[in-house]
Amino acid sequence: MRRDPLIALRPWEAPEVTSWGRLPMSSVDRRDGALSLDGTWHFQLVPAPGASSGEWTRIEVPGAWTMQDLGDLPQYTNFQMPWAEFPPASPAANPTGVYERSVDIPADWAGRRIVLQVGAAESVLLVHVNGTPVGISKDSHLAAEFDLSDVVRPGDPATVRLTVVKWSDASHIEDQDQWWHAGITRSVLLYATDPLHLADVTVRARQDGRLRVDCQVRDAAGALPEGWYVTGALGGQLLVQDAEFDRVNAEDMRVSDFLGEARLSAAVREVRPWTAETPELYDLTVRLHRADGSVADTSHHRVGFRDVEVRGTNLLVNGERIFIRGINRHDFHPLTGRTVSADDMRADLVLLKRFGFNAIRTAHYPNDPTLLDLADDLGFYVVDEANIESHDHAHEIADDPRYLGAFVDRVSRMVLRDKNHPSVIIWSLGNESDYGANHDAAAGWVRRHDPTRPLQYEGAAKLDWADLSVASDIACPMYAPIEDCVAHALSAEQTKPLIQCEYSHAMGNSNGTLADHWAAIESIPGLQGGFIWEFWDHGILQRVNDGRPAGRAGAGLYGKGVAAPGHRWAYGGDFGDSPNDGVFCADGLVFPDRTPKPAMYEHREIAAPLRLRYRQGVLLVDNRQHFRSLDWLSAEWCLVHADGSTRTAPAALPDVPPGCSEAIPMPFPAPEGEAWLTLRVTTADDEPWAPRGTEVCLPQVCLSMGRSTELSTGIAPAPSHEPVSGTSVEVDGDGLLVHPMLASPPVLSLWRAPTDNDEVGGMAARWRDWGLDALVRKVLGLDREGAQVTVRAEYATGAGIVRHEQVITPVAGGLRIEESAQLPEALDDVARVGTVFETVGGLDVLDWYGQGPWESYPDRSAGAPVGHHSLDVDDLFTPYLRPQESGGRHGVRRFTLSAPDATGLAVDLAAPSQVSVTRYRAEDLAAAAHHDELVPRPGCVVHLDAAHRGLGTASCGPDTSPQYLVAAGTHRWSWTLRVL
Ligand code: GAL
Ligand code: MG
C-alpha cells in the first residue's frame with residue numbers, strides 16, 4: 001500500500017503542526033443550505049494511527065466512539081495525564097478511529113467552491129477524500145474546513161474518510177478536568193459557495209447605534225471582477241459600501257489568491273441596546289453582489305448593539321457596572337459525552353436563566369457555536385475561553401516554542417469565529433496552563449485583532465491581582481476566600497475589576513457561604529461577581545450489569561436526578577479507567593439529567609431581580625437589575641404565621657427603576673407573634689426562557705419573631721386525653737427511651753455522612769480518628785423524680801469524653817426531652833450536636849414549619865423561605881452521586897411525620913434547629929459509593945441538631961466560615977414528642 005503522507009508526517013507528535021490544508025477560520029456561518037453529513041458512518045477502531053483492522057462497523061456522527069460501546073471507554077482524570085509520556089509525546093497505544101462514508105456531490109455544484117466542515121474532532125483529524133489527502137487539523141473544540149473543489153466531481157459520489165487520532169501532542173494542552181473522549185463530537189457539513197465568496201465579516205455595533213461591518217472577500221484562484229460590491233440590510237435599513245474594495249494582498253503576481261476588504265457603515269437611530277437583561281438583536285444580512293446586482297454570497301448575523309469596557313476597577317456594559325452572576329459550563333451530556341444538541345444547549349440556558357444566572361464561562365474551550373447564538377438570544381454575558389489547558393505540564397509548555405503556534409492558533413481561531421456575538425464580552429486565553437511567552441503571544445494577537453473586548457487569563461493574574469503588565473485585564477482568581485477579595489478591594493492596591501473565574505465549588509452537598517460571597521460583592525466596590533464551578537455533574541449513564549455507557553439507548557432512563565434501576569451515574573473509575581480521579585467530576589449545580597440541586601435555589605434567591613427589605617416598620621422593594629424595570633414581573637403576597645395560618649393577597653409592584661428602591665404599603669395589618677412576609681414573584685408574560693407564571697424568586701422578610709417561649713411549648717398543643725401511649729416515660733435498662741412511634745431511641749449524634757467537602761477538606765478523617773462515626777454510649781446514671789426521668793451517659797472519643805444528659809418529662813399530650821452535651825475543648829470542630837432516632841415504618845409525609853421546601857444548611861439557607869412546608873419523605877433526600885449528608889432543613893421549629901391515615905408523630909423544637917428526615921442512617925450513606933447502592937430503611941432516620949456544621953466548599957476552595965462551625969463546650973436543646 002502507498003504510504004499515506006498524512007500518517008507519514010506523524011502529526012500527532014508534532015506540536016508545530018497545528019493544521020495543514022485547513023481554511024482560515026471565519027465568522028461566516030455556513031450552516032444554512034449546507035448538506036448535513038450527520039448520521040451513520042462506517043467505522044473502524046484501530047490500535048494506532050496507520051493500522052488497519054479491515055473490520056468495519058457503524059458509528060453515529062456526531063458522536064465520540066467512547067460513548068458508543070466500540071471498544072474504547074471514557075476515562076476521567078482531573079489534571080493528571082492518563083499516561084506517562086512527556087510533552088509533546090503520546091503513547092504508542094493510541095486508539096484511532098476511521099470514519100468513512102460516501103456522499104453524492106450535487107450536480108448543480110459544478111463550478112462552485114466545495115467545502116467540508118468538521119465541527120469538532122478529538123484530538124487530531126486527518127482528512128482524505130476519494131483517497132486524496134486533504135488536510136489535518138487540531139483543536140478538539142473548533143471546526144475545521146477544507147476546500148474539496150479539486151478532489152470531488154459534482155454529480156458523482158465521493159468517499160470522505162476522517163481519521164481521528166485520540167492521543168497527541170495536543171492532548172497535553174487539552175488536559176481539562178473532564179472525561180477523556182475521542183472521535184467526532186460535532187456535526188459534519190458540506191457546502192458550496194461561489195469561488196469569489198465572503199470570507200469573513202466583522203461586525204462592530206455600539207450602544208449608541210453606530211454600526212461598522214468589515215467584509216472580506218476571497219477567491220482562491222482569481223481576482224475581483226469589475227463592478228462587484230457588497231451591501232448590507234439591517235432590518236429595513238440598507239447599508240452601502242463606504243468605498244472601493246481594498247486589496248489586502250499586494251499587487252504581486254506571485255500571490256495567487258485575491259483577498260479584498262470593503263466596509264459598510266450606518267448609524268441606527270433609537271437603537272435598543274443589547275444587554276443580558278434586554279437581549280435586543282437586529283438581523284443583519286451581508287450580500288456580495290456581482291456587477292449585475294445578482295447575489296454571489298450571503299452571510300447572516302444577529303447584531304447586538306452594546307459596549308463593553310474595563311474602566312479602572314469596573315467592568316462596564318453600556319456604561320453600567322454590572323454584576324457577573326456566572327457559571328462555568330462544559331459541553332456535557334450523560335448519554336453522548338461531549339455531543340450536545342441545540343435543544344440540550346437551549347435547555348441548559350433556559351434553566352440557568354430561571355435560576356438567576358446572567359453569565360457563562362465556556363470552561364474550558366469554545367463551545368458549540370449554537371451556544372453563543374442562544375446566549376445572544378436569551379441574554380447571557382459570555383467569557384469565551386480558548387481550548388488550552390496544559391495542567392499537568394503547565395510550566396514546561398507555557399514557554400515551549402514548539403507550542404507557540406498552537407497557542408496563537410487556538411486563541412485566534414476562537415476570536416475569528418466568535419467576534420460578532422454580542423454575548424461574548426471577554427476573551428479568555430484558556431485555563432490552568434501556568435503563564436508564559438506563548439500566552440503573551442496569543443494575547444498580543446487578540447488585542448490587535450479585537451480591541452473592543454477585555455481579555456482575561458487566570459494564570460497571568462494569579463500572582464499579582466493588580467499587575468497591569470500581564471495578559472489579563474481582569475483579576476480573575478479561582479476559589480479565593482471572601483476575606484482575600486475584600487482585603488484586596490479595600491487595599492487601595494486594586495487596579496482591575498475582581499471577578500472570580502471559579503468559585504463556590506458545587507461538588508456534592510456544597511456551595512456553603514454563597515450568600516456571604518454576595519454580601520461582600522454587593523457592598524464593596526471593585527468586586528463584581530464570579531463564575532460558580534460548575535453547571536454539570538459529569539455522571540455518565542452506565543448499565544450496571546455490563547459496565548457499558550448506556551449511550552443514546554439510555555434516553556429517558558433517568559429522572560429527578562436519579563438513574564433508572566439497572567443504571568447509575570458513572571464517575572471516574574467506574575469504567576475500569578485507570579488512573580482516575582473518582583467522583584471529582586461530579587461537581588455541578590445540576591445532576592447529570594439537569595435536575596437542579598438545592599444550591600440552585602440558593603443562587604436563585606441571591607440573584608433575584610427584586611428584593612424585599614423591612615426596616616423600622618417600612619417595607620422596601622429593591623430593583624436589583626441593571627437595565628430592566630420590574631414590569632415583566634407579577635407578584636403575590638403571602639403572610640405566614642407560626643400558628644399555621646397563611647394569608648395571601650395580590651401584590652402591585654411599584655415602578656422602581658433599575659438599581660433603585662421604593663417604599664410600599666404593608667399589605668396586611670401588623671401581625672402579632674412570629675410572622676413572615678413572602679413575595680412570590682413570577683413572570684407576568686411569556687419570556688423566551690419562561691412561560692408566564694414561572695416562579696422567579698421568593699423574597700421574604702421577617703415582620704416579627706414573637707416570643708421564643710411560644711416556640712418552646714409548641715404552637716398548637718395537642719388536647720390531652722390521658723392515658724395516651726407515649727405520654728409517660730418508659731426507658732429500658734440502658735436508659736433508652738421506649739416509645740410506640742420509635743423503632744430506635746433518641747441518642748446523641750455528633751457525626752454526619754461526610755460530604756465531599758468534609759472528605760477533601762480533611763474533616764472526615766479527623767472525625768473518624770476521633771471515633772465520632774461509631775460513638776459507644778455508656779450509661780452513667782438514671783434518676784426518676786416523679787414522672788420525670790434523667791439519664792446521664794458518656795461517650796469516649798479520641799479527643800476526650802463527651803457527656804450527655806437527657807431529662808424526659810411527660811407534658812400535655814407527649815414528652816418533653818431536654819438535652820445537653822458537653823464537648824471537651826479538643827473536640828472543636830464536629831459535624832453536628834444533636835439527637836438521632838428512628839421511627840416505625842409507614843410514616844411517609846413530613847409537614848414542617850421552618851425553612852424550605854428545599855434542602856438547606858446553616859451556611860446555605862438564603863434560598864429557603866420560612867413557611868409551612870410538606871413533602872414526601874423520599875423527596876426530602878437529595879441523591880448526590882456519591883451518597884453523603886443530605887436532606888437537611890434549616891430553621892425548623894416543628895414538624896409532623898405521618899402515615900396516610902394521619903397517625904404519626906409530632907415534634908416541637910424549643911429553638912429553630914437543623915432537622916433531617918431520610919430513609920438512611922449516616923453510616924448507610926457513608927458506606928455507599930453510588931446512589932443505587934443505598935437500601936432504604938423501613939422507618940425514617942430523624943436528626944434534630946442543636947448545631948450543625950456549615951457545608952463550605954473545601955473540596956476545592958475555602959471551607960465554611962468560622963461562624964458556621966460547631967464549637968466545643970456545652971450545647972443545650974429541647975424538644976417535645978407527641979403521638980398523632
Ligand atoms: C479548577 C479547574 C477546573 C476544575 C476545578 C475543580 O482548578 O479550573 O477545571 O478542575 O478546579 O473541580
Ligand atoms: Mg485543571
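Quick look at the values:
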| quantity | calculated |
| --- | --- |
| Projected area, mean over directions - the stretch 5-193, Cα convex hull, nm² | 10.3 |
| Quotient of C-alpha Rg and 2.2 N^0.38 Å, computed over the stretch 609-705 | 1.09 |
| Disulfide-incompatible cysteines by the Cβ rule (no partner under 4.7 Å) in the chain | C215, C485, C585, C638, C660, C697, C702, C940, C956 |
| Whether the stretch 1-55 is rounded, prolate or oblate, judged on the alpha carbon gyration tensor where a/c under 1.5 counts as rounded | oblate |
| The stretch 397-533: Rg to Rh, with Rh as the Kirkwood radius over Cα pairs | 1.00 |
| FRET efficiency, H42 to D150 (Cβ-Cβ, R0 30 Å, nearest 0.05) | 0.80 |
| Full-extension gain in nm, R402 to W83, via 0.36 nm per residue minus C-alpha separation | 112.8 nm |
| The chain: C-alpha pair distances exceeding 38 Å, % | 51 |
| Extension gain from V240 to S629, taking 0.36 nm per residue of separation minus the Cα-Cα distance | 136.4 nm |
| Ranked list, fewest to most other Cβ atoms within 10 Å of each Cβ, for T646, T682, T339 | T646, T682, T339 |
| Spin-label pair D844/R548, simplified geometry with 7 Å Cα→Cβ offset, distance in nm | 3.7 |
| Interchain or long-range residues, amide H under 5 Å from T694's placed H | T683 |
| Rg(Cα)/(2.2 N^0.38 Å) for the stretch 540-584, N = residue count | 1.14 |
| Virtual paramagnetic centre 7 Å along Cα→Cβ of E785, amide N under 17 Å, in the stretch 798-830 | 805-811, 816-820 |
| Using alpha-carbon coordinates, inclination of helix 514-523 to the longest axis of the chain, degrees | 70 |
| Span from the the stretch 948-977 Cα centroid across to the the stretch 432-461 one, whole angstrom | 42 |
| Residue-span extension gain [R615 to E55] - 0.36 nm each, minus C-alpha spacing | 194.0 nm |
| Positive minus negative residues near D156 (Lys, Arg vs Asp, Glu; Cβ under 15 Å) | 0 |
| Förster-model FRET efficiency, 56 Å R0, T278 and D901, C-beta, rounded to 0.05 | 0.55 |
| Convex hull volume per residue in cubic angstrom - Cα atoms of the stretch 207-303 | 112 |
| Relative exposure of L737, L639, judged by other C-beta atoms within 10 Å (fewest first) | L639, L737 |
| Helical mean residue ellipticity (222 nm; -39500 (n - 2.57) per DSSP H run of 4+; nearest 500) of the chain | -3500 deg cm²/dmol |
| R647 paired with S294, simple spin-label distance in nm, labels 7 Å along Cα-to-beta-carbon | 7.7 |
| Virtual spin-label span in nm between E100 and A342, 7 Å along Cα→Cβ | 3.2 |
| Isotropically averaged projected area of the stretch 875-980, using the convex hull of Cα atoms (one quarter of hull area), nm² | 8.2 |
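Values quoted throughout were computed directly from the atomic coordinates according to the rules given, and no laboratory measurement underlies them. Note that the structure is predicted; figures quoted are calculated from it, not measured. Ideal geometry is used to build each Cβ from the backbone, glycine not excepted, and the neighbour counts take in all protein chains shown.
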